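Here the structure comes first, spelled out in structure tokens, and everything after it is commentary.
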Ligand SMILES: [Zn+2]
């Protein structure tokens, strides 16, 4: 059976438990199972329990150990389908939609989505941006208007999560995007973010915000004064501004609320989708899969609860 190209095909493909397991093994261990504790290749497979026993350290392991799937009672086929839905949904997908489609609870779907976003995060630190790079900041959240009263009160008590979050975006024209949540839009923090993500000497395009003047000295800094015009030749920040609209539409339309604590995960999800936009759904799915190893979070540290 050929690899799936659509969600429908993915559901059919992974519905077969053996095929699903084979797929997971191939993806996780291209050279065959490896003990996650001692890296030994010597093992005994216990078919009835779908686990391996390491001949060196005697510990048991499954294909989920050491991945974002670890400790989850949810079957791999549902994980793969949830992953497919997340990477292929242009404007994002809600935990309710995933719960309905996969026949799981919304709480489980929410948890899966956060783990999957963690996997998507990885690819965004591979290389620095270069060439023509537009830089801009935006403000997200902080509105309590449409919120349930109890929730509003809870947020009000915690000022930190009530105010708007500052997000800086750096977008390489015809290339990739990087985003980061900042505590404030200070010259120091804006400068550090640009230095971290953009190769020195690149062409920087910003609006006239004072925060970019200092860091701009390390680049060929082009400033568009929005009081005068929005575009002057190739000097504009229209691409990053379109990206912000897309991001905000996704957050408003799909997610019930974005807690500031989780904002970076939504940003990473959107950036992953943007950076793989020339790929098809299968390509995006495979890119996400290649990043799942070695990522692990618990339900507790996802929700920020004290353990
Ligand atoms: Zn071992």
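The values are calculated or read from the model by the stated rules, or taken from the named source; none is laboratory data. All of these numbers come straight from a predicted model, not from anything done at the bench. In this analysis, Cβ positions are derived from the backbone assuming ideal geometry, glycine residues included, and neighbour counts consider all displayed protein chains.
Checking the conditions here, which among 65, 34 is crowded, with 16+ Cβ neighbours inside 10 Å, more than 30 Å from residue 245 (Cβ to Cβ) and without any contact (Cβ under 8 Å) to a residue 12 or more places away in the chain? Every option except 34 fails the conditions.
Would you call residue 138 in contact (Cβ under 8 Å) with a residue 12 or more places away in the chain, surrounded by fewer than 21 Cβ atoms within 10 Å (Cβ to Cβ), more than 16 Å from the ligand (Cβ to nearest atom) and closer than 30 Å to residue 202 by Cβ? Yes.
Does residue 105 satisfy the condition of being surrounded by fewer than 16 Cβ atoms within 10 Å (Cβ to Cβ), within 24 Å of residue 33 (Cα to Cα) and either away from the ligand (no atom under 16 Å from the Cβ) or modelled with pLDDT under 95 (or both)? Answer is no for this residue. Of everything in the stretch 37-62 that is under 30 Å from residue 7 (Cβ atoms) and in contact with a strand residue (DSSP E or B) (Cβ under 7 Å, 6 or more places away or on another chain), the residue that is surrounded by the most Cβ atoms within 10 Å (Cβ to Cβ) is 62.
Note on the stretch 185-218: residues that are without any contact (Cβ under 8 Å) to a residue 24 or more places away in the chain, over 15 Å from residue 171 (Cα atoms) and touching a helix residue (DSSP H, G or I) at 6+ places or on another chain (Cβ under 9 Å) total 6.
Residues that are at pLDDT 90 or above, at least 2 per element: which helices (runs of 4 or more DSSP H) completely within the stretch 138-256 meet that?
Values: elements: 149-157, 159-162, 187-197, 213-216, 238-254.
So the answer is 187-197, 213-216, 238-254.
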